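Below: one structure, written as structure tokens.
The values are calculated or read from the model by the stated rules, or taken from the named source; none is laboratory data. This structure is a prediction, so every number in the text was calculated from the model and none was measured. Cβ placement follows ideal geometry from the backbone for every residue including glycine, while neighbour counts extend to all protein chains displayed. Heavy atoms of the whole protein, side chains included, go into the accessibility calculation; ligands, DNA and RNA do not. Shrake-Rupley method; radii C 1.70, N 1.55, O 1.52, S 1.80 Å.
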Amino acid sequence: MLNPRYATLFNLPLFLASSSSSSSLSTTFLVFFPSTRFYGRGNRKKFQNCKKAENFSTVDDAVASFNLLLHALPPPPIVEMNKVLGAIVRMRQYRTVVSLCARLELKGTLNPSLVTMSILINCFSHLGQIGFAFSVMGCILKRGFELDRLTLTTLMKGLCLKGLTRKALDLHDDSVSKGFRFDEVCYGTLINGLCKTSQTRAAIELLRKMERLGLGPNLVMYNTVVDGLCKDGLVTDACGLCSEMVARGISPDVFTYNSLIHGFCGAGRFQGAVKLLNEMIQGKIQPDVYTFNILVDALCKLGMVNEAHNVFAMMIKRGWKPDVVSYNALINGYCLRNSVNEAKEVFNKMAERGHSPNVISYSTLINGYCKIKMVDEALMLLTEMHQKKLVPDTVTYNCLLDGLSKSGRIMYELDLVEAMRASGQAPDLITYNILLDDYLKHGYLDKAIALFQHIIDMEISPNIRTYNILIDGLCKSGRLKAAQNIFQLLSVKGHPNIRTYNIMINGLCKEGLLDEAEGLLLKMVDNNCPPNAVTFDPIVRALLAK
């Protein structure tokens with residue numbers, strides 16, 4: 001039976017672990033993972049003539065060999081089946097492996113080994129079906145096998161893939177308490193899981209624990225933690241860890257430098273990033289396209305588009321071919337400074353040089369056109385996307401909606417929302433905020449209130465911008481009481497910001513409710529939201545008028 005601790009932890013229906021026969025396990029697999037391929041039994045060869053696992057060129061080839069082995073007489077050793085299943089796993093065809101394991105169980109001529117079930121656990125983990133992975137562990141125990149560290153490491157990997165890193169650590173600690181000793185693969189898996197969930201401090205602690213156990217962290221582990229620290233904005237700590245790595249005789253590689261350069265750029269320390277690039281080149285570590293893309297993107301976001309273009313040119317000079325990410329970064333740079341014609345030139349050159357623009361390329365350029373109210377050109381790009389069989393995403397549609405809104409073309413917005421839904425892109429909060437703002441600006445108060453209710457009904461959590469738009473619109477429409485109700489709702493669910501307070505104070509002053517406005521001002525100070533000049537302006541005006 002599956003350890004009750006994990007049954008409780010994952011709230012699993014333990015029909016797999018507690019099943020009285022192997023057929024129930026197979027039936028369950030077939031229900032949840034029906035076979036993706038079925039093959040006839042004709043033209044069978046002896047299993048000795050099957051291709052070796054390393055020679056499979058396609059998954060169909062591998063499955064055909066599996067079928068020959070499955071129906072061979074006498075049955076082959078289970079190790080031969082495991083080799084084929086392992087080959088399919090390497091092709092990342094996890095559902096196919098689950099389906100084939102079910103067929104192996106139903107056939108009943110071969111008993112799955114510990115390796116077979118470990119392969120199955122690995123597949124369930126990759127498919128995000130961690131409950132089934134633990135149920136297979138229950139079957140392993142029930143069949144009298146002893147768990148090994150590889151199987152347990154696979155389970156930890158599955159938990160990490162689902163973001164359940166803390167539970168993976170619990171499994172590790174529980175296993176260690178029972179006498180298991182794990183290797184670098186296990187600790188690398190846990191460190192990677194911790195860094196992906198922004199638990200870099202815990203990852204560093206695990207590095208230290210490895211050292212105490214006599215296991216030396218390798219370059220991949222250090223790179224994982226350095227990258228995690230940089231993504232968390234802890235660039236100085238990342239540099240310190242990198243120095244420690246070098247002191248231990250482990251030389252940084254291109255991945256180490258890319259993480260550090262990305263971290264320095266994200267922290268606005270561009271000169272530090274350039275210094276790292278020079279250090280990298282002097283150390284005879286070749287930058288790659290990703291290195292240059294980081295620099296181009298950072299320069300563009302700093303408004304230094306000419307410098308970004310120079311880096312782009314240097315990339316080509318050094319023999320690296322820019323990819324679609326490189327072009328997209330440069331297009332975005334030009335759009336950020338409203339140089340849409342230059343952005344369109346880069347867009348055209350990308351296509352001329354053999355790189356097909358993707359959804360991000362189009363969305364960036366559409367947004368650029370919309371920002372300068374060239375909405376017709378933006379709509380033409382949307383048409384071009386459809387012609388090229390590119391599916392616009394929610395970001396694309398939101399850019400267009402914002403452009404139509406700023407151009408005063410509200411009548412086209414609902415048509416665009418319908419087109420959005422028809423293409424399978426669900427409106428998000430940004431979409432609704434744009435529509436809500438437009439309704440209130442054009443006096444469609446009832447529609448705005450109905451839309452706000454729709455947002456709540458859809459279980460989409462309104463953000464501070466949603467509340468500010470609605471409160472402002474209600475105040476301007478003379479619906480102060482309704483605005484106050486919404487303000488109270490926001491105070492319960494979140495925290496008003498300075499704009500919220502300013503909107504409410506202005507609305508109260510316009511209605512001559514100076515005492516209430518002053519009370520709100522005091523509340524604002526109490527809530528650590530310092531007033532600004534905009535806050536005092538309506539109060540001063542009201543006092544002068546009084």
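Residues in the chain average 50 Å² of solvent-accessible surface per residue, probe 1.4 Å, ligands and nucleic acids excluded. Couplings 3J(HN,Hα) of segment 229-241, computed from phi: 4, 5, 5, 8, x, 9, 5, 4, 5, 5, 5, x, 5 Hz, in residue order, whole Hz [Karplus 6.51 cos²θ - 1.76 cosθ + 1.60, θ = phi - 60°; x for Gly and Pro].
I'm spelling it out carefully: the read-out is Cα extents along the principal axes in Å, the candidates are (1) 100, 58, 56; (2) 107, 67, 49; (3) 91, 69, 38, and one was derived from this structure. Which label? Calculated Cα extents along the principal axes in Å: the matching label is (1). Fully extending the segment from LYS441 to THR58 would add 132.0 nm, taking 0.36 nm per residue of separation and subtracting the current Cα-Cα distance.
Relative to the current alpha-carbon distance between LYS275 and ARG201, full extension at 0.36 nm per residue lengthens the span by 24.0 nm.
Let's see if you can work this out: charge +1 on each Lys and Arg Cβ, -1 on each Asp and Glu Cβ, no other charges. What is the dipole magnitude of the chain about its Cα centre, in debye to the nearest 20? List each step's numbers first, then the result.
On the way: 60 positive and 48 negative charges, 318 e Å.
Computed about the Cα centre, the dipole is about 1520 debye.
Taking a straight line from the alpha carbon of LYS481, these aspartates and glutamates sit under 18 Å away, with near neighbours fewer than eight places off in the same chain left out: ASP446, ASP472, GLU511, ASP515, GLU516, GLU518. Per-residue 3J(HN,Hα) values for segment 145-160, derived from phi via the Karplus relation 6.51 cos²θ - 1.76 cosθ + 1.60 with θ = phi - 60°, read 7, 9, 5, 10, 5, 5, 4, 5, 5, 4, 5, 4, 4, x, 4, 5 Hz in sequence order (x marks Gly and Pro).
With a sphere of radius 13 Å drawn around the Cβ of GLN129, what net charge do the other residues whose Cβ falls strictly inside it have (Lys, Arg +1; Asp, Glu -1)?
So the environment of GLN129 carries a net charge of +2.
Measuring r between the beta carbons of ASP526 and PHE180 and using R0 = 45 Å, the FRET efficiency lands at 0.25.
Estimated at the nearest 10 Å², the accessible area of ARG353 is 130 Å² with a 1.4 Å probe. In this rough spin-label picture, where each label sits 7 Å from Cα along the Cβ direction, the GLU244-ARG103 distance is 5.0 nm. Take the Cβ atoms of ASN358 and ARG143, set R0 to 56 Å, and the FRET efficiency comes out at 0.70. Computed over neighbours whose Cβ is under 13 Å from that of VAL254, the net charge equals -3, Lys and Arg +1, Asp and Glu -1. Computed from backbone phi with θ = phi - 60° and the Karplus coefficients 6.51, -1.76 and 1.60, the 3J(HN,Hα) list for segment 388-398 is 8, 6, 8, 8, x, 9, 4, 4, 4, 5, 5 Hz; x is used for glycine and proline. When nucleic acids and ligands are ignored and a 1.4 Å probe is applied, SER113 ends up with an accessible area of around 20 Å².
Given a 1.4 Å probe and heavy atoms of the protein chains only, how would you sort LEU152, LEU219, largest accessible area at the top?
Values: LEU152 5, LEU219 45 Å².
From most exposed to least exposed: LEU219, LEU152.
As a ratio to 2.2 N^0.38 Å, the alpha-carbon radius of gyration for segment 456-505 is 1.06.
Only protein heavy atoms count here; on that basis, with a 1.4 Å probe, GLU511 has an accessible area of about 100 Å². When the pairs LYS301/LYS389; LYS231/LYS301; LYS142/LYS167; LYS493/LYS523; LYS349/LYS406 are compared against a 21 Å limit on Cα-Cα distance, LYS301/LYS389; LYS142/LYS167; LYS349/LYS406 fall above it.
Within the same chain, lysines fewer than 8 places from LYS284 are excluded, and of the rest, those with a Cα less than 24 Å from its Cα are LYS275, LYS317, LYS321.
Rounded to the nearest 0.05, what FRET efficiency do ASP376 and SER423 give with R0 = 30 Å and r taken as the Cβ-Cβ distance? Could you check?
Details: r = 20 Å, r/R0 = 0.68.
Efficiency, rounded to the nearest 0.05: 0.90.
Mean residue ellipticity, 222 nm, helices only, the chain: the sum of -39500 (n - 2.57) across DSSP H runs of n ≥ 4, divided by residue count and rounded to 500, is -22000 deg cm²/dmol.
Surface listing: ILE456, ILE285 arranged by accessible area from highest to lowest gives ILE456, ILE285, probe 1.4 Å.
For the residues LEU521, LEU171, a 1.4 Å probe over the protein chains yields an accessible-area ranking, largest first, of LEU521, LEU171.
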